[in-house]
Amino acid sequence: MNRIRVNILLLLLCIFIPGVAQNVSDGWNKNRTARLTKPVFVYNNWSAYDELSDNIPLDEALAMKELDHIVRLKKLGVQVDYYMMDAFWFDVNEGYRKWRPDCWPEGPKRWLDACKREGIKPGLWFSTNLLRIGGEANTMRIIPEWESSVAEDGTTLCLFRGGYLHHLMQTLQMYADMGIKMFKFDFAYFDAATPDAKCTMLPTDIEEQNKNAFISAIKEFRYRNPDVLFIGYNGFGGDMENTVTPFRKTVDLRWLEIFDTMYCGDPRLSDVPMMNFWRSQDLYSDHMTFQYLFNGVPVRRIDNCAFMIGTTGTCYNRALNAWKGMMVLTMARGGWLNVCHGNIDLLSDDDARWMAKVQQLYMKVQQYGSISAFGAIPGKALPYGYMASAEGGNLYTVVNASQEKAKVMLPEATGTGRVLFTDSGFMPVLEKNIVELGPEQMVVVGYGKFSNREYDLGIEKDIVIPATIQKVKIDVQKKNEHILQAHYTSSKGKTVRILFQQLDERGKAFRSWGGAPPTGIKMDHFFNIEVKQGKRSVPIKKSHDKMIWCGLSWAVGEVSADDIKEGRPLEISCTAIDGNSEHCLLEVYEVEYSAEKK
């Protein structure tokens, strides 16, 4: 009765006192949503192995090797709070109740014991309701408890009928009792329906009942296990395939009632052509972060999932290429779930000390300051950035996504600033609250207390920004349905940058797919740039000659000034296997790097 009286009183307050309704609602939401009270750092072993875009399996030896390196990094000052065991740890015949016997002969005990000993909270990956995850070897077998939930398509499981969801919640409890403190849910299909439900229900009702069943089950589990975090991945909203689709409302904010954070897409290449291949990948994650902000997801609840290092197909075999800029942007975006994927064994002790310094800078402003995005939508290929406001100063992380120098005004910046981190080559010019960046360049600028030398983060050596850049007018001709050509004589001492992109009849970029390693086709087969002087082929520096699981819509290459014979025209030929040359884009720029200046 007392609870009823309290609820009636709250209802009357909401009706008659302006503003109380919002405050009460916020209070209820706060109690039933995120458990994160401060930013955390998570190691996820995906991309140290890869069974979807490569053939490198997850086994105990690999998992324990990475754990040993977590311990090494922690001793050097890196904060690591969780270790997420990603996909394919499970025996496909046992409904997630047992681990793969060929890879984990004694199950997870050794890993769990080591995590506990080192003060690291373990996490586990689960498919929400998809049975076939990759090839036949990774298809979940239907156990008796799941039979009544098998959907009509035979590849998914209904969440509101049959025994699957109840069995899954029992499985989660089993692992929570073993010490698992984070669950990652992936591959959600809310159109899944048993044959009888498919015959008697509307698709919209099927989706709603699946969502309601899942939300209710996770809420009940969270009530019993208040120290366990849930993070949501594929299937819970978002347009993640490209960076050209206009923003629209696709994220159901009810997911914030059960997920502490929601990811906004696996790192992949954007549809903004860039000479710096890895910077185009950075831009993809920035674009998705902006999209989720547009959808109303609070910045601290967005898992940008951008940091992947390693030697597998899922991270394009990048190893440690341009990893420092990737790390800075991962932290600058402001999410409280900061995730590092992959081969952390590649990081040296000096790398670890640098990583710890970046953490100490950004995780404090994540927790005690406020972080907001500014500038253009990243996919528009214009400047944008993030502003972190904290007591005593502001911290700006800015990217110029264009192919020209750009001056960017830093909002609310006052006093004298300092460049703390940037790419090599052109040095950004800072005057009061305006910073000038070279094409494709990233910079971190500090004001107030952040302008102190102690916050310097150095230089990203793997990305070199030209000192000058100038777009060249060229006469582009269509040679045939797939090939564009241009003849052009370059200026003395200039490197030539060639940008080529396949577009559809509406002028929208679209991708070609060659498949993933090890059997895929490299993207330079789909987008070929060839340069000749007379009969001589001229060498081209390019970075898109990779097997790329996410596909690609562009190619960029550079011809060094040293390889061009002065005064003789260049014949540029660009081929798009899947695109019609009538709609493709070909642009040429003359650039000069500092080392080339006479």
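Tabulated results
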read-out	value
Criterion: at pLDDT 95 or above, surrounded by 14 or more Cβ atoms within 10 Å (Cβ to Cβ) and under 30 Å from G567 (Cα atoms) - qualifying residue of I498, I521	I498
Residues (outside any loop (DSSP other than H, G, I, E, B) and free of Cβ contacts under 8 Å to residues at least 12 places away in the same chain) located in the range 475-509	Q477
Test: E596 is modelled with pLDDT of 95 or more and among the acidic types (D, E)	no
Condition met for V531 (surrounded by 14 or more Cβ atoms within 10 Å (Cβ to Cβ) and over 30 Å from E241 (Cβ atoms))	yes
E505, sole failed condition from (1) touching a His at 6+ places or on another chain (Cβ under 6 Å); (2) over 17 Å from A381 (Cβ atoms); (3) surrounded by 13 or more Cβ atoms within 10 Å (Cβ to Cβ)	(3)
Odd one out for G393 among (1) free of Cβ contacts under 8 Å to residues at least 40 places away in the same chain; (2) closer than 19 Å to S451 by Cα; (3) surrounded by 15 or more Cβ atoms within 10 Å (Cβ to Cβ)	(1)
Subset of the range 124-139 (residues that are part of a strand (DSSP E or B) and either of a type outside the set (D, E, K, R) or at pLDDT 95 or above (or both))	L124, W125, F126, S127, L130, T139
Any pair with Cβ under 6 angstrom, 6 or more apart, that starts in the range 418-432 at a residue that is in contact (Cβ under 8 Å) with a residue 12 or more places away in the chain and ends at one that is among the charged types (D, E, K, R)	L420/D456; D423/E460; S424/K461
Flag for D271 being over 12 Å from the mean Cα position of the chain (by Cα) and closer than 20 Å to P439 by Cα	yes
D349, sole failed condition from (1) within 19 Å of G77 (Cα to Cα); (2) touching a His at 6+ places or on another chain (Cβ under 9 Å)	(2)
Flag if I463 is in contact with a helix residue (DSSP H, G or I) (Cβ under 8 Å, 6 or more places away or on another chain) and over 30 Å from G135 (Cα atoms)	yes
Residue check for G296: within 29 Å of F160 (Cβ to Cβ), of a type in the set (G, A, S) and either free of Cβ contacts under 8 Å to residues at least 12 places away in the same chain or open to solvent by 10 Å² or more (accessible area, probe 1.4 Å) (or both)	yes
Failed item, numbered, when Q173 is tested on (1) out of contact with any Asp or Glu (no Cβ under 8 Å at 6 or more places or on another chain); (2) open to solvent by less than 20 Å² (accessible area, probe 1.4 Å)	(2)
Qualifying residue in the range 239-253 (condition: hydroxyl-bearing (S, T, Y) and touching a Cys at 6+ places or on another chain (Cβ under 7 Å))	no
Residue identified as touching a residue at least 12 places away in the same chain (Cβ under 8 Å), over 22 Å from E94 (Cα atoms), out of contact with any strand residue (DSSP E or B) (no Cβ under 9 Å at 6 or more places or on another chain) and open to solvent by 10 Å² or more (accessible area, probe 1.4 Å) among N225, N234	N225
Residue match in the range 568-586 (condition: open to solvent by less than 50 Å² (accessible area, probe 1.4 Å) and under 25 Å from T312 (Cα atoms))	no
Search result, residues across the range 92-138 that are out of contact with any His (no Cβ under 8 Å at 6 or more places or on another chain) and closer than 18 Å to G163 by Cβ	N93, E94, Y96, R97, F126, S127, T128, N129, L130, L131
Selection from the range 501-512 of residues that are closer than 20 Å to W549 by Cα and touching an Asp or Glu at 6+ places or on another chain (Cβ under 9 Å)	Q501, Q502, A509, F510, R511, S512
Scope the range 108-123; condition open to solvent by 10 Å² or more (accessible area, probe 1.4 Å), in a helix (DSSP H, G or I) and closer than 17 Å to D86 by Cα; matching residues	K109, R110, L112
Candidate set: the range 456-474, residues that are among the basic types (K, R) and assigned to a strand (DSSP E or B); chosen: the one surrounded by the most Cβ atoms within 10 Å (Cβ to Cβ)	K471
R100 being under 28 Å from D227 (Cβ atoms), surrounded by 15 or more Cβ atoms within 10 Å (Cβ to Cβ) and either without any contact (Cβ under 8 Å) to a residue 60 or more places away in the chain or more than 28 Å from the chain's Cα centre (by Cα) (or both)	yes
Answer residue from the range 95-107, given it is part of a loop (DSSP other than H, G, I, E, B) and in contact with a strand residue (DSSP E or B) (Cβ under 8 Å, 6 or more places away or on another chain) and is nearest to Q170 (Cα to Cα) among those	Y96
Identity of the residue in the range 420-455, among the β-branched types (V, I, T) and buried (at least 18 other Cβ atoms within 10 Å of the Cβ), that ends up farthest from R318 (Cα to Cα)	V435
Residue within the range 444-459 that is farther than 23 Å from F294 by Cβ and either at pLDDT below 95 or of a type in the set (K, R) (or both) present	yes
Every residue from the range 199-218 that is under 18 Å from L124 (Cα atoms) and either surrounded by fewer than 19 Cβ atoms within 10 Å (Cβ to Cβ) or without any contact (Cβ under 8 Å) to a residue 12 or more places away in the chain (or both)	A217
Residues located in the range 46-67, provided they are farther than 16 Å from A319 by Cα, touching a residue at least 60 places away in the same chain (Cβ under 8 Å) and in contact with a helix residue (DSSP H, G or I) (Cβ under 8 Å, 6 or more places away or on another chain)	E51, L52, K65
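The values are calculated or read from the model by the stated rules, or taken from the named source; none is laboratory data. Since the structure is predicted, the reported quantities are computational estimates derived from the model, not experimental observations. Reconstructed Cβ throughout: ideal geometry from the backbone, glycine too, with neighbour counts over all protein chains shown. These accessible areas exclude ligands, DNA and RNA; they are computed on the full protein's heavy atoms, side chains included. Shrake-Rupley method; radii C 1.70, N 1.55, O 1.52, S 1.80 Å.
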